[in-house]
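Structure first, then comments.
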Amino acid sequence: MPRKKLKKILPTHEKIKEQKLLKIFGDFLHKREIWSLSRKKVLGGVFIGIFVAALPMPFQMVLASLLAIIFNVNLPISFALIFISNPLTMPFMFYIEYEIGNFILNPPNPVEFNFDSMYENFDQIALSLYLGSIILGLSSAVFLRMLVNFLWIRTVRKDRKTNKRYK
(Lines give C-alpha, C1' and ligand atoms only; values in the text may rest on other atoms or scores of the structure.)
Protein backbone atom coordinates (compact mmCIF):
# COMPACT_ATOMS: atom_id res chain seq x y z
CA MET A 1 0.00 0.00 0.00
CA PRO A 2 1.17 3.58 -0.57
CA ARG A 3 1.08 4.32 3.18
CA LYS A 4 3.80 1.79 3.94
CA LYS A 5 6.06 3.29 1.27
CA LEU A 6 5.41 6.81 2.50
CA LYS A 7 6.18 5.89 6.11
CA LYS A 8 9.61 4.68 5.01
CA ILE A 9 10.63 7.83 3.12
CA LEU A 10 8.94 10.65 5.05
CA PRO A 11 10.62 12.44 7.94
CA THR A 12 9.30 11.38 11.35
CA HIS A 13 7.26 13.55 13.69
CA GLU A 14 10.30 14.03 15.87
CA LYS A 15 12.57 15.17 13.04
CA ILE A 16 10.09 17.77 11.86
CA LYS A 17 9.34 18.98 15.39
CA GLU A 18 13.09 19.47 15.97
CA GLN A 19 13.31 22.06 13.16
CA LYS A 20 14.10 25.38 14.84
CA LEU A 21 11.94 27.43 12.47
CA LEU A 22 8.92 25.22 13.08
CA LYS A 23 8.98 25.57 16.87
CA ILE A 24 6.93 28.74 16.42
CA PHE A 25 3.90 26.51 15.76
CA GLY A 26 4.13 24.95 19.22
CA ASP A 27 1.18 22.70 20.06
CA PHE A 28 -0.24 22.93 16.55
CA LEU A 29 2.37 20.35 15.56
CA HIS A 30 0.52 17.82 17.74
CA LYS A 31 -2.65 17.82 15.61
CA ARG A 32 -3.37 14.26 14.42
CA GLU A 33 -4.73 15.38 11.05
CA ILE A 34 -1.43 16.85 9.87
CA TRP A 35 0.34 13.50 10.35
CA SER A 36 -2.37 11.41 8.66
CA LEU A 37 -1.39 9.33 5.65
CA SER A 38 -4.88 9.15 4.21
CA ARG A 39 -5.09 9.78 0.49
CA LYS A 40 -6.87 13.13 0.83
CA LYS A 41 -4.42 14.45 3.44
CA VAL A 42 -1.45 13.38 1.31
CA LEU A 43 -2.93 14.96 -1.83
CA GLY A 44 -3.41 18.22 0.05
CA GLY A 45 0.20 18.05 1.24
CA VAL A 46 1.38 17.48 -2.32
CA PHE A 47 -0.57 20.50 -3.54
CA ILE A 48 0.77 22.82 -0.83
CA GLY A 49 4.35 21.55 -1.07
CA ILE A 50 4.58 21.96 -4.83
CA PHE A 51 2.86 25.34 -4.84
CA VAL A 52 5.10 26.79 -2.10
CA ALA A 53 8.20 25.32 -3.75
CA ALA A 54 7.48 27.46 -6.82
CA LEU A 55 7.32 30.70 -4.86
CA PRO A 56 10.52 32.77 -4.93
CA MET A 57 10.74 33.52 -1.23
CA PRO A 58 12.85 32.67 1.80
CA PHE A 59 11.60 30.39 4.59
CA GLN A 60 9.40 28.27 2.35
CA MET A 61 9.30 25.56 5.02
CA VAL A 62 7.52 27.91 7.41
CA LEU A 63 4.86 28.85 4.85
CA ALA A 64 4.34 25.23 3.78
CA SER A 65 4.02 24.12 7.40
CA LEU A 66 1.63 26.94 8.24
CA LEU A 67 -0.60 26.12 5.27
CA ALA A 68 -0.51 22.40 6.11
CA ILE A 69 -1.62 23.18 9.67
CA ILE A 70 -4.34 25.60 8.55
CA PHE A 71 -5.78 23.24 5.93
CA ASN A 72 -5.21 20.06 8.00
CA VAL A 73 -3.20 18.25 5.33
CA ASN A 74 -0.12 16.07 5.63
CA LEU A 75 2.70 18.20 7.02
CA PRO A 76 5.64 15.88 6.23
CA ILE A 77 4.66 15.71 2.54
CA SER A 78 4.27 19.48 2.19
CA PHE A 79 7.50 19.97 4.13
CA ALA A 80 9.49 17.51 2.03
CA LEU A 81 8.26 18.74 -1.34
CA ILE A 82 9.45 22.31 -0.85
CA PHE A 83 12.99 21.04 -1.28
CA ILE A 84 12.26 20.63 -4.99
CA SER A 85 13.37 24.25 -5.16
CA ASN A 86 16.99 24.16 -4.13
CA PRO A 87 20.12 25.98 -5.27
CA LEU A 88 20.40 23.68 -8.30
CA THR A 89 16.82 24.04 -9.51
CA MET A 90 16.07 27.64 -8.52
CA PRO A 91 17.79 29.39 -11.44
CA PHE A 92 15.88 27.25 -13.93
CA MET A 93 12.60 27.74 -12.06
CA PHE A 94 13.06 31.51 -11.73
CA TYR A 95 13.82 31.86 -15.43
CA ILE A 96 10.75 29.82 -16.45
CA GLU A 97 8.55 31.75 -14.01
CA TYR A 98 9.83 35.07 -15.30
CA GLU A 99 9.19 34.07 -18.90
CA ILE A 100 5.66 32.87 -18.07
CA GLY A 101 4.96 36.17 -16.32
CA ASN A 102 6.33 38.16 -19.27
CA PHE A 103 4.22 36.13 -21.67
CA ILE A 104 1.05 36.88 -19.67
CA LEU A 105 1.81 40.56 -18.95
CA ASN A 106 3.47 41.33 -22.29
CA PRO A 107 5.40 44.35 -20.95
CA PRO A 108 6.39 47.03 -23.51
CA ASN A 109 10.09 46.96 -22.54
CA PRO A 110 10.87 43.60 -20.97
CA VAL A 111 14.06 43.39 -18.94
CA GLU A 112 16.38 40.58 -19.90
CA PHE A 113 16.48 38.07 -17.05
CA ASN A 114 20.04 37.86 -15.81
CA PHE A 115 21.07 36.33 -12.50
CA ASP A 116 24.02 38.69 -12.13
CA SER A 117 21.80 41.75 -12.24
CA MET A 118 18.63 40.16 -10.89
CA TYR A 119 18.73 42.00 -7.58
CA GLU A 120 19.57 45.33 -9.20
CA ASN A 121 16.57 45.02 -11.56
CA PHE A 122 14.27 43.31 -9.09
CA ASP A 123 11.71 46.11 -9.14
CA GLN A 124 11.37 45.64 -12.90
CA ILE A 125 11.19 41.84 -12.90
CA ALA A 126 9.25 41.23 -9.67
CA LEU A 127 5.74 41.41 -11.12
CA SER A 128 6.53 39.01 -13.96
CA LEU A 129 8.46 36.69 -11.64
CA TYR A 130 5.72 36.45 -9.02
CA LEU A 131 2.88 36.14 -11.53
CA GLY A 132 4.80 33.39 -13.30
CA SER A 133 5.56 31.64 -10.02
CA ILE A 134 1.88 31.62 -9.03
CA ILE A 135 0.85 30.28 -12.44
CA LEU A 136 3.61 27.66 -12.54
CA GLY A 137 3.01 26.72 -8.89
CA LEU A 138 -0.74 26.29 -9.30
CA SER A 139 -0.50 24.37 -12.57
CA SER A 140 2.28 22.11 -11.28
CA ALA A 141 0.46 21.52 -8.00
CA VAL A 142 -2.80 20.62 -9.74
CA PHE A 143 -1.03 18.31 -12.21
CA LEU A 144 1.04 16.52 -9.55
CA ARG A 145 -1.94 16.21 -7.23
CA MET A 146 -3.88 14.50 -10.03
CA LEU A 147 -0.90 12.28 -10.86
CA VAL A 148 -0.41 11.18 -7.25
CA ASN A 149 -4.15 10.55 -6.92
CA PHE A 150 -4.12 8.39 -10.06
CA LEU A 151 -1.05 6.44 -8.92
CA TRP A 152 -2.46 5.99 -5.41
CA ILE A 153 -5.77 4.59 -6.69
CA ARG A 154 -3.99 2.38 -9.23
CA THR A 155 -1.67 0.98 -6.56
CA VAL A 156 -4.55 0.23 -4.18
CA ARG A 157 -6.53 -1.50 -6.94
CA LYS A 158 -3.50 -3.54 -7.95
CA ASP A 159 -2.87 -4.54 -4.33
CA ARG A 160 -6.50 -5.56 -3.94
CA LYS A 161 -6.34 -7.74 -7.05
CA THR A 162 -3.24 -9.57 -5.91
CA ASN A 163 -4.19 -9.84 -2.24
CA LYS A 164 -6.54 -12.69 -1.40
CA ARG A 165 -7.83 -10.87 1.69
CA TYR A 166 -9.89 -8.58 -0.51
CA LYS A 167 -11.48 -11.39 -2.55
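The values are calculated or read from the model by the stated rules, or taken from the named source; none is laboratory data. Quick caveat: nothing in here was measured; it's all calculated off a predicted structure. Methodologically, a virtual Cβ is constructed for each residue, glycine included, from the backbone with ideal geometry; neighbour enumeration extends over all protein chains shown. These area figures cover heavy atoms from the full protein model, side chains too; ligands, DNA and RNA do not enter into them. Shrake-Rupley method; radii C 1.70, N 1.55, O 1.52, S 1.80 Å.
Data overview
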| item | result |
| --- | --- |
| Boolean, S139 is in a helix (DSSP H, G or I), of a type in the set (G, A, S) and surrounded by fewer than 16 Cβ atoms within 10 Å (Cβ to Cβ) | yes |
| Test: I104 is among the β-branched types (V, I, T), crowded, with 22+ Cβ neighbours inside 10 Å and over 19 Å from K15 (Cβ atoms) | no |
| Selected residue (criterion: surrounded by the fewest Cβ atoms within 10 Å (Cβ to Cβ)) from residues of the range 1-49 that are within 18 Å of I70 (Cβ to Cβ) and of a type in the set (S, T, Y) | S38 |
| Hits in the range 68-83 - residues which are within 17 Å of K31 (Cβ to Cβ) and open to solvent by less than 40 Å² (accessible area, probe 1.4 Å) | A68, I69, V73, N74, L75, P76, I77, S78, F79 |
| Helices (runs of 4 or more DSSP H) within the range 1-75 that include 1 or more residues charged (D, E, K, R) and without any contact (Cβ under 8 Å) to a residue 60 or more places away in the chain | 2-9, 13-17, 39-54 |
